[in-house]
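Accompanying notes for the structure given below.
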Amino acid sequence: MRKIKRKGGCCSAGTEADRKPVDSDMTICFIGNPNCGKTTLFNAYTGANLKVANWPGVTVEKVEGTYKYKDEKIRLVDLPGTYSLTSYTMEETVSRNYILSGDVDVVINVVDASSLERGLYLTLQLLELGKPVVVALNMMDIVMKRGMEIDLHRLPEMLGAPVIPVSARKRTGLDILIHAAIHHKDSKGPDPLIHEHKEVSRHGHDHHAEYTMVYSDEIEDKIDEAESALSQKYPDLQNLRWHAIKTLENDKAVTEKYPIDMPSDAENYESRIINEKYQFIGEIIDEVMVHKQRQDRLTDKLDGAFTHKIWGIPIFLGVMAVVFFLTFFVGDLLKSLLETGIGALSDAVSGGLASVNASPVIISLLVDGIIGGVGTIVTFLPNIFILFLALAFLEDSGYMARVAYVMEGVMSKIGLSGRAFIPMLLGFGCTVPAIMASRALENKRDRFKVMLVTPFMSCSARLTIYILFAEMFFAEYAFVAAFSMYLLGILVAIGVSAVLHLIDRKKEVNYLLIELPEYKMPDARTVGIYVWEKVKDYLVKAGTTIFIATIVIWALLHFGPSGYVDGEAMGGSFAGYIGKFLVPVFAPVGLGFWQIVVALIAGVSAKEVVVSSCAVLLGAAQGSAEFMGALTAIGFGSLNAVCLMVFCLLYIPCAATLATIRKESKSWKWTGFAAFFQLAVAWVVTLIVYQIGLLIV
């Protein structure tokens with residue numbers, strides 16, 4: 001019995017009712033570093049088809065689900081991937097606030113066993129929070145492959161917490177892990193600790209028997225002092241030790257909520273506390289790890305090329321070129337079959353309705369409107385499928401994290417870190433989650449910059465426009481034309497960011513902190529989930545948003561002040577009047593055709609609607625040949641096709657993206673500015689392209 005509840009982030013946002021905790025006997029949350037397998041483990045329990053990618057920033061908010069183990073109904077919560085709980089980034093803040101909220105009974109800390117040293121820093125912070133913690137030691141297969149070993153008896157002795165080896169991908173150890181969490185629910189303190197420190201502490205208390213992490217005598221004295229001050233001023237405060245440590249670290253959230261007077265010689269102990277944590281982690285690693293020096297040689301060799309300062313970016317561009325080559329040439333083999341099938345369906349429906357003397361209005365609505373509009377979109381399904389299959393393969397293999405790393409040099413010159421390129425890369429799939437992923441950036445100004453430029457990245461919806469017009473006007477060079485749109489989007493996004501950086505008076509230095517996971521063969525289930533979700537979303541959009549938009553466009557095109565119009569008389573329709581009124585604005589950029597203007601306006605609802613609208617406006621329901629003939633008849637040529645692709649790349653994003661920008665920025669003014677700015681950039685860049693094209697042609 002499984003149930004999933006989604007709470008924003010990479011999933012759709014829930015309603016107010018959705019935000020209430022589900023009925024359960026206990027609550028367990030999953031937390032860990034990015035790429036530790038945390039969300040894969042969560043999916044294994046809940047059956048949720050959440051996206052799992054091999055880079056940080058995928059889960060931005062908590063996601064809930066339920067799992068029934070024996071007679072126990074358990075509420076599971078997947079928290080954002082984070083390296084610490086210092087509360088600098090949004091992921092850290094979301095995770096820490098939720099664990100401290102009192103809603104959590106047990107914390108399952110998912111740790112990548114092959115990167116144990118890095119994962120234990122978060123473990124020590126979690127143990128200091130005072131919540132029952134169970135460590136899920138994931139990816140043990142990688143440890144074995146390297147010839148490394150972990151002492152699973154000594155590790156829990158030093159942590160004072162259960163340590164359960166699991167494999168999220170192979171679904172092993174899951175029952176034992178949940179059983180340990182249930183058993184550990186009522187734990188009031190750490191399990192018996194055996195530290196065996198060689199030095200003798202002169203501190204007044206034997207903290208080695210009470211706490212996992214024990215600091216030097218000087219810091220422990222300061223912790224006691226801060227605890228005493230906190231207990232006197234806030235007698236009901238829970239977990240005094242954690243609050244005292246955060247006070248010494250000068251943690252802003254704690255010091256503002258629980259201010260106390262510390263002695264004048266007090267200092268910010270954050271760096272010393274961090275160093276001592278890592279010293280203790282070093283002790284743990286020395287005692288529990290065997291052959292820890294063994295690394296994955298294949299990863300090192302590949303990174304020598306993929307993260308190279310000179311060749312890293314050209315290799316990335318080459319990889320993407322191959323992706324688009326496959327998208328076009330392989331996808332078109334199936335696309336032609338769908339076009340033939342939809343053409344046959346159109347003829348059959350038209351003939352069938354004519355045989356029963358159906359009204360020309362009904363025939364036009366079904367054949368020219370619905371089949372012509374929605375059917376045109378469906379023909380691109382093979383291309384969309386191959387694109388997402390390739391992107392899923394690159395993500396799950398670990399390559400995309402390298403792209404963010406190699407882009408660090410470029411991004412730092414425009415005032416952003418390589419981490420800012422992650423939302424931009426997500427924009428290749430869909431701009432909505434890409435905008436949401438900007439939450440992973442620490443600086444608010446950076447988030448607003450990224451929200452402004454991310455829509456310039458070519459989402460999958462725009463691919464339908466590129467495929468249609470590139471294949472019609474550039475034949476065997478179609479994939480080159482489409483690939484150039486993706487490059488142009490990246491260049492415009494970087495160029496706009498550079499300009500914003502130049503005029504920004506509050507420049508800040510940004511650094512990239514990102515994990516480069518080992519390369520691995522993509523998991524078939526993870527790739528399958530990702531591709532299916534994208535294909536399903538595409539089909540759902542075709543059956544809802546595009547279906548409705550197609551009918552609206554058909555109605556505007558076939559009705560005017562004089563009633564029903566058809567054929568050459570469609571210029572007198574409502575759509576014709578709107579398009580002709582705006583033609584002078586679009587003529588300087590090579591788009592002075594009222595049909596194209598109307599299609600662009602309709603495309604604000606969803607970019608795929610530009611294609612379906614053109615099919616309806618030009619009466620091209622039979623395929624690309626008829627479509628091109630209709631375009632040629634109105635004087636639309638190859639240069640106009642380039643201008644249309646450029647304008648669609650850069651102009652106002654879809655309505656869903658605008659709504660997301662409003663939600664993330666919490667400002668209608670910023671949303672309106674973003675829409676106007678993107679429209680202006682699209683007009684100016686397309687104008688430049690058109691004028692240069694006129695000189696060449």
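The values are calculated or read from the model by the stated rules, or taken from the named source; none is laboratory data. Computed from a predicted model, the values in this text were never measured in an experiment. Glycine gets a Cβ as well: all are built from the backbone with ideal geometry, and neighbour counts include every protein chain shown. Each accessible area value is taken on the protein alone, full model and side chains, heavy atoms only, with ligands, DNA and RNA left out. Shrake-Rupley method; radii C 1.70, N 1.55, O 1.52, S 1.80 Å.
Mind ordering 106-116, 554-564 by average Cβ neighbours within 10 Å, highest first?
Per-residue Cβ counts within 10 Å, averaged per peptide and sorted highest first, yield 106-116, 554-564.
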Per-residue ³J(HN,Hα) for the range 235-251, Karplus 6.51 cos²θ - 1.76 cosθ + 1.60, θ = phi - 60°, Hz, x for Gly and Pro | x, 9, 5, 8, 6, 4, 4, 4, 5, 5, 4, 5, 5, 5, 7, 6, 5
Calc'd 3J(HN,Hα), the range 681-697, phi into Karplus 6.51 cos²θ - 1.76 cosθ + 1.60 (θ = phi - 60°), Hz, glycine/Pro = x, comes to 4, 4, 5, 5, 5, 5, 4, 4, 4, 5, 5, 5, x, 5, 5, 6, 6
Hey, rough spin-label estimate for K301 and A209, points 7 angstrom out along Cα→Cβ, what's it come to in nanometres?
-> 5.5
Of K520/K663; K246/K534; K68/K534; K246/K301; K70/K131, pairs whose Cα-Cα distance is over 32 Å = K520/K663; K246/K534; K246/K301
Using the per-residue mean of other Cβ atoms lying within 10 Å as a proxy for protection, in what order, highest first, do the peptides 120-128, 519-527, 658-666, 607-615 fall?
-> 607-615, 120-128, 658-666, 519-527
Round to a whole angstrom and tell me the spacing of the C-alpha centers of the range 301-358 and the range 209-233.
-> 62
Would you please give the residues with an amide H less than 5 Å from that of V565, counting only those at least 5 places away or on a separate chain, with H modeled from the backbone geometry?
-> F559, G560
Return the long-range amide H neighbours of K68 (sequence gap of 5 or more, or a different chain), with a cut-off of under 5 Å between placed amide H atoms.
-> I74
Once all protein chains are kept in place, H308 shows an accessible area at probe 1.4 Å, nearest 10 Å², of 70
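Show me the ranking of peptides 667-675, 171-179 by mean Cβ neighbours inside 10 Å, starting with the highest.
171-179, 667-675
Need the full-extension length gain, E626 to S271, defined as separation in residues times 0.36 nm minus the C-alpha distance. One decimal, nm.
Stretched fully, the E626-S271 segment lengthens by 120.9 nm.
Rounded, prolate or oblate: which fits the range 139-181 when a ≥ b ≥ c are the square roots of the eigenvalues of the alpha-carbon gyration tensor, with rounded for a/c under 1.5 and prolate only if a/b beats b/c?
Oblate is the answer for the range 139-181, as a/c is 1.5 or above yet b/c matches or exceeds a/b.
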For the range 38-45, in order, what is each residue's ³J(HN,Hα) by Karplus, 6.51 cos²θ - 1.76 cosθ + 1.60 with θ = phi - 60°, in whole Hz (x at glycine and Pro)?
-> 5, 5, 4, 5, 4, 4, 5, 7
At 1.4 Å probe size, with no ligands or nucleic acids counted, give the accessible surface of I182 in Å², nearest ten.
-> 50
